[in-house]
Each structure stands twice: as structure tokens, then as C-alpha cells.
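A.B. asks: Okay, here's the structure, questions in a sec.
The values are calculated or read from the model by the stated rules, or taken from the named source; none is laboratory data. Predicted, not measured: the structure shown is a model, and the values here were computed from it. Don't worry about glycine lacking a Cβ; one is built from the backbone with ideal geometry, like all the others, and counts go over all protein chains shown. Accessible surface areas use protein heavy atoms only, side chains included; no ligands, DNA or RNA. Shrake-Rupley method; radii C 1.70, N 1.55, O 1.52, S 1.80 Å.
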Amino acid sequence: MSKVIIIKGKGVLSDSRKINTNKLRRMYQRGFCRLTGENSPQKALRALFANNEKVGIKINTIAGKKLSTPPPVSLELAQFLHTGDIPKKNLVVWDRTNRELKTAGYNLNKHRKGIQIFGTDTQDVGYSERPISHLQIGSLFSNIQKNIISSSISLAILKDHGIAGVTAGMKNYFGSIHNPNKYHDNHCDPFVAELFDTSFIQRKHRLTILDALVVQYHLGPSFHSSWAEKLESLVFGLDPVATDRVGWNIIAKLRSQKNLPSLEEEGRVPSYLFTAQKMGLGEGDLNKIEIQEEEI
Amino acid sequence: MDRRQFIKSASTTSLLASPGMCALCKNLYSFTDKVNISHREARYYKQLPHKEIECKLCPRLCKLGDKERGYCGVRENEGGTYNTLVYGKACAAHVDPIEKKPLFHFLPSSRALSIATAGCNVHCKFCQNWEISQKRPEQVHNIDLPPSSVVRSAQKYDCPVIAYTYSEPVVFYEYMYDTSKTARTEGIKNAVITGAYINPEPLEDLLTVVDAIKIDLKAFTQKFYSEYVRGKLQPVLDAIKMVSQSDVWLEIVYLVIPTLNDSPEEIQSLCRWVRKETSPDIPVHFSRFHPMYLLKNLPPTPISTLERCRQIALDEGIHFSYVGNVPGHKGESTYCPQCHNTLIKRRAYQIQKINLHQGRCKFCDTPIPGIWS
């Protein structure tokens, strides 16, 4: 049975939504321990990563400063990974463009010591030279995903999505190709699943972490404060389909609480998750997913 | 430079081998390495509540939230205003012979200043210019070439035609429209090379400022359009009909891909449709496919298949049918539908002989449809 961990960090966000990094670190520690069954954060890290790995943290900065991965969220994760003896220079926080990273508040760092932060459009990085074809996907792949990193964490913002229904860990990898705009037909189905199925992603993906500190449960993926709920949670999963399925469930509950029509009623069910399940990428049936929740 | 030298140089320097520009163009303009995009309000969209918009330019009708881009990748919702990111931002500019488009009944042997921007509103697996059409404007090198500069360049390089081509001009509609309008005031004609995936209203407006349209009809089945183009056939057929009913010159090109869209039945249906719904005078070109982009597993189209397609067209009553991408083939030339003499003898992009006088066959005086001067 696939296991998904939801860690709620009460008080991790102040009233002004400033992040308490001490609390955030504890959320990561608990999430990794619960996910691996280890009793210490270091053991949990070692269970997931070798210390010579180059770990990519794929964040999401497409929606501007208000709804992108905040720097403390990704940098605290990177610091935590570093406590598992992964050198800082082997930790890459990345997304499509440097412009979007900077808009989201990141200070770029490609050549200096420390945690690496840069976009695919950085000089000498770029995309694969030739298109890579897999099922219905035909794209150039970010050289960060393809060549630079050896393992990957999808650190995605959990959001409602007008076309896909829900955007979470799997769809976050749309940011690793040059032409994501070509894959939004039919509620992104089967494209999200087929992109994830490519070797550069599936082989390297190690875990999904959904940033549900603030959840845009309606009219996403753009930011609308009226429909953004402070949940103060992180969702951890080794099964990419199950983790996103739980993410969908979180959005469904919020929509229900706010008397909004369900995604089914709005005709935008994230059916790519069912396709992903059929392709053997993970578990999409909520009844077959063990959800563990903890508040710290 | 005489005509022969020009054609030779143009046909060798205008090939789009990279997302940048050919050697000729590098001498014309200078590049900038910085991201160079526009933020000019687009036409044909509707503002919706909560800063959402619906694009009305093409049949996709993309509905987008703030900061999202359409399928084309070159139009973005910026705070509830839908902007084109490629207005005056050309990623390719070449001088081509008009025969390269191909337009065979439109000012033969004339030079066409040919421009393109990044982006496309379909996703053909066999795209020959995917390095610009399937990219976003930030992923190619753009130069500042506003409409007035395009027109000035056409004059400078002795081009009586400006062609909007290579990628998909529908996605740079505003740029094309304004350039065409300016060009007309200077006596320069405008030719559009397109897949015609466009809605009726913008097409109707475009037809008031351009002179010729070449439409790539990629197949005659919805199945092919779904699987290999990611679009719908019917809007393209509607666009063909609309252009054929206007004063704008129209030619149709059909890229024949082995096993996918080359059955005699499909070609026959296509030709019957053209004759019945438009006119037998509209030229239909059958072009040779070469393995490209995501369709590399198929061989080039056998020449015999192209000959068969052309013969089906002629048998179905299409007056002008051509074989394309086969230099030196007799099917590249134009023949009088009445007396069958050679009217325009072509070899690749070269015109070797023209037997037309004031748009009529020199041998039997039959009027030949087209724009000849």
C-alpha cells in the first residue's frame, strides 16, 4: 500500500505569512522519518539519498511571488538534505528561467560555493539539443534534469488548475521541458503521465513534497487571495501518483468546505492521475493509499 | 547580381537550419543576447472575471488565468490583459524566391522578404521548422524588426513581396497585420504561409490587407489532425473556403507522408472537395515529405506516390496540380489546362521560361488564374 504523510506545522506561517524556518525544518524532519520509517532524520536521509548524489529540487516559480515556492521552503529543504552529508554544491534548486526565480525572490548561484540556484536558461545549461520522443511527448529536456542532477525531488505548490484540475508533483515536471504549452489539451491527460514516464524523470524522481502551506483551491493556478487557504502543511510521498491523489483530495475537501462545485462537477477531474496509475506509475485509488497525518 | 545568381544565393542562404538567422541576415541585423519580447495587447480575446481571458484568435479558444500562456506559447495573460510577446520580434528574416513558399501563380520569380517569429498553434510531428515554431520567444534569438523596418527592408532588398512564413503567422497576427497594412501603402504585396488554424473573424480582417495565402492542408482526415497535428480539420477547411471566396489568391499544399495521409481514396476525397467547395482553378501542390522532428521513422515520400497524387488531382478536374520538393520534376511546371503547353517551366526555385502574356496562355490565349504582375 502506498503511504503518504501529511505534516501540519501549526504556526509555521505567521499572520503575515512569514515562514518560521525552525518549525519548517522540524516538518521536513518528521516527514522524512515518517516516510522512511526511520527514527532519526539522518537515517531517513541516508535511506533515500547517497551522499555523492547530485540532488535536484524542482520548484515552481511560474505564478509570481505570491504563489511560487518561497525561498525558505526550498532552501530549508536543501539545508536539511545537507545534514545528510550531501555537499551543498550537489544540491540544485531549479526551475525554467532565472527571471522567474528572481521574481520569486531567489538569489541565483551557479558558480559560487553553496547551494546551487539557477534556471534552465542559464548560459551553458539550456535544453537538450535534439527533441526526445516518448509516447505522445516530443520535447527538449532541461539539461539540469537530463544531465546535471542524478536524483530529483519534486517540490511542488499544490494548486487548483483551470485546465488540469489539480497541479502538484507530477505536473511540476512540465517545467523540465521546453514546450509545456503543447501538453494542456484534454486536461493534460495523458501528457502529465507520459512526461513523468520518460527515463530522465521517472528514473531520477526520488520523492514528491507538496507545499500546502497555502493552498489555492479555486481559480488556480493564478493567485487569488479570496480562494487561498492557509493550511500550514507539507505532503510527503514516494509514490508520485498517490501523493498527487492525496493533494487532489485536499483541494476537494477545501472546495467542499467553501461550498464550491467539485472538480467532477466542473468537468476538470485530473484524469492524468488515472492514466498514470494505468501506466504503472503509482496508486491513484484513494482507498488503497495509507494517509498518515501528524501535527507538530 | 543577375536573376540566376540571386536565386542561387537566396536558395542557399535562406534555409532555416537553426533558430538563429542565416549568414545573409546576420549581415543585415545584429543580435542581442538578452530576452527580447514584446508586451503589446493582442487582438481577438475576451476578458473574463478574476483576470482570466479567453483567446478568440484560433479554434483552440484557450482560456487562461493570470500569467498563463496560450497553446501557441507567444501570447500571455498579464494581469488580465492578453499580450502578444512577439510583436516586432522576428527570429528569422530572409530573402527567398516566392517559389520556395511555394506560390506558383503569384508574381513568379519575385523576391519575398520572409519573416517569422517563434511559436505555433499546432504541434505537427513532422514540422520542418520546429526549432522556431515549437519554441517560446525566450528560447530563440529575436531581433527588433517593427513593421516599418520590415517594409523598409523589403524596399532596400528589392522585394515586391513580404512573406509571413516559416513558423505560423497566425500566432503573430498583430505583427503580420500591421506590417501588411504598412506594406500596402508602399505598393508591396503580402503573402501568408499558414496552416490556417484560425477563427473566421480574424481571418476575415486579415483578408483585407493581404494578397496571397498558401494553406498547408496537412491531411484530409480528422484522425490525422488529432494524432499528428493536434488540431481539428474542419476549421482549416472552413478557412480554405473563406479564402477561396475572397479576392486573395489561394494555393493549397499537401505534404504527402507515406502510410499516414497518402491513400488514393484520401487524395481523391480532398481533390473532390477542393473542386466542389472552392474552385478547380486553385493550385494543389503535393510535396515530398522528408523525415523530420518527431517523425523520423518514415522514409521520404516515393516520387511515384507524388506523381500518383498529382494524377488523381488532374483526373478529378483540378486544373493546376504540382509535385513539390523534387527538383527537376516535370510536375513542378505549370501547364495550360486547355492546350497543355508548358506555361511556366520551373526547376526547383528557378523559373526557366514563362509562356504567359498578360496572364494568358501564349499558345491558345486561355486566361490563367493567378496574380501575375
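A.B. asks: Counting only residues that are at pLDDT below 95 and of a type in the set (Gly, Ala, Ser), how many does region B:329-373 have?
C.D. replies: Looking only at that region, the number is 2.
A.B. asks: What are the pairs with Cβ atoms under 6 angstrom where one residue, in region B:51-68, is within 8 Å of chain A (Cβ to nearest Cβ) and in a helix (DSSP H, G or I) and the other, located anywhere, is modelled with pLDDT under 95 and open to solvent by less than 30 Å² (accessible area, probe 1.4 Å)? Sequence gap at least six, or different chains.
C.D. replies: So the pair list comes out as B:Lys51/B:Asp66.
A.B. asks: Let me ask something else. Which pairs turn up if I take residues in region B:101-127 that are under 29 Å from B:Gly70 (Cα atoms) and look for partners that are modelled with pLDDT of 95 or more and among the acidic types (Asp, Glu) with beta carbon separation below 7 Å, at least 6 apart in sequence or on another chain?
C.D. replies: B:Ser114/B:Asp96; B:Gly119/B:Glu168; B:Cys120/B:Glu168; B:Asn121/B:Glu168
A.B. asks: Shifting gears a bit: Any idea which residue in region A:158-181 is farthest from the chain's Cα centre (by Cα), counting only those that are away from chain B (no Cβ under 13 Å) and assigned to a strand (DSSP E or B)?
C.D. replies: Among residues in region A:158-181 that are away from chain B (no Cβ under 13 Å) and assigned to a strand (DSSP E or B), the one farthest from the chain's Cα centre (by Cα) is A:Gly165.
A.B. asks: State the number of residues belonging to region B:288-304 that are under 18 Å from B:Pro327 (Cβ atoms), surrounded by fewer than 21 Cβ atoms within 10 Å (Cβ to Cβ) and of a type in the set (Ser, Thr, Tyr).
C.D. replies: 1
A.B. asks: Which of the residues belonging to region B:144-182 are under 26 Å from B:Cys55 (Cβ atoms) and either within 14 Å of chain A (Cβ to nearest Cβ) or aliphatic (A, V, I, L, M) (or both)? Before you say what the answer is, go through the steps one by one.
C.D. replies: The initial filter retains those residues of region B:144-182 that are under 26 Å from B:Cys55 (Cβ atoms), namely B:144-147, B:150, B:162-182.
B:Leu145, B:Val150, B:Ile162, B:Ala163, B:Ser167, B:Glu168, B:Val170, B:Val171, B:Met176 - these are the residues of region B:144-182 that are under 26 Å from B:Cys55 (Cβ atoms) and either within 14 Å of chain A (Cβ to nearest Cβ) or aliphatic (A, V, I, L, M) (or both).
A.B. asks: Something else: Please work out if A:Lys146 is part of a helix (DSSP H, G or I), charged (D, E, K, R) and more than 14 Å from every other protein chain (Cβ to nearest Cβ).
C.D. replies: Working: part of a helix (DSSP H, G or I): yes; charged (D, E, K, R): yes; more than 14 Å from every other protein chain (Cβ to nearest Cβ): yes.
Yes, satisfied.
A.B. asks: Can you go through A:Gly126, A:Gly64 and tell me which one is closer than 23 Å to A:Phe200 by Cβ and within 14 Å of another protein chain (Cβ to nearest Cβ)? Spell out the reasoning first.
C.D. replies: Numbers: A:Gly64 fails: closer than 23 Å to A:Phe200 by Cβ.
Testing whether each residue is closer than 23 Å to A:Phe200 by Cβ and within 14 Å of another protein chain (Cβ to nearest Cβ) leaves just A:Gly126.
A.B. asks: Next question. Can you find a residue in region A:256-264 that is within 14 Å of another protein chain (Cβ to nearest Cβ) and either touching a residue at least 40 places away in the same chain (Cβ under 8 Å) or of a type in the set (S, T, N, Q) (or both)?
C.D. replies: Step one: filter region A:256-264 for residues within 14 Å of another protein chain (Cβ to nearest Cβ), giving A:260.
Filter once more, so that each one left must be either touching a residue at least 40 places away in the same chain (Cβ under 8 Å) or of a type in the set (S, T, N, Q) (or both): A:260.
Scanning region A:256-264 turns up at least one residue that is within 14 Å of another protein chain (Cβ to nearest Cβ) and either touching a residue at least 40 places away in the same chain (Cβ under 8 Å) or of a type in the set (S, T, N, Q) (or both).
A.B. asks: Output the residues belonging to region B:308-360 that are in a strand (DSSP E or B) and under 19 Å from B:Lys276 (Cβ atoms).
C.D. replies: Passing the criteria: only B:Ser321.
A.B. asks: Assess whether A:Asp211 counts as being away from chain B (no Cβ under 14 Å), under 30 Å from A:Glu293 (Cα atoms), of a type outside the set (S, T, N, Q) and out of contact with any Ser or Thr (no Cβ under 8 Å at 6 or more places or on another chain). Before the answer, list the steps.
C.D. replies: Working: away from chain B (no Cβ under 14 Å): yes; under 30 Å from A:Glu293 (Cα atoms): yes; of a type outside the set (S, T, N, Q): yes; out of contact with any Ser or Thr (no Cβ under 8 Å at 6 or more places or on another chain): no.
No: the conditions fail for A:Asp211.
This table checks each residue for (1) on the phi > 0 side of the Ramachandran plot; (2) at pLDDT 95 or above; (3) open to solvent by 50 Å² or more (accessible area, probe 1.4 Å); (4) not polar (S, T, N, Q).
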{"site": "A:Glu76", "(1), (2), (3), (4)": "no, yes, no, yes"}
{"site": "A:Val93", "(1), (2), (3), (4)": "no, yes, no, yes"}
{"site": "A:Tyr106", "(1), (2), (3), (4)": "no, yes, no, yes"}
{"site": "A:Gly114", "(1), (2), (3), (4)": "yes, yes, no, yes"}
{"site": "A:Ser150", "(1), (2), (3), (4)": "no, yes, yes, no"}
{"site": "A:Lys171", "(1), (2), (3), (4)": "no, yes, no, yes"}
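A.B. asks: Across region A:84-102, which residue is farthest from A:Lys58 (Cα to Cα) among those that are touching a helix residue (DSSP H, G or I) at 6+ places or on another chain (Cβ under 6 Å) and of a type outside the set (A, V, I, L, M, F, W, C)?
C.D. replies: So the first thing to find is which residues in region A:84-102 are touching a helix residue (DSSP H, G or I) at 6+ places or on another chain (Cβ under 6 Å), and the list is A:84, A:88, A:91, A:93-96.
Right, trim to of a type outside the set (A, V, I, L, M, F, W, C) and you get A:84, A:88, A:95-96.
Numbers: A:Gly84: 19, A:Lys88: 16, A:Asp95: 6, A:Arg96: 9 Å.
For region A:84-102, the residue satisfying everything is A:Gly84.
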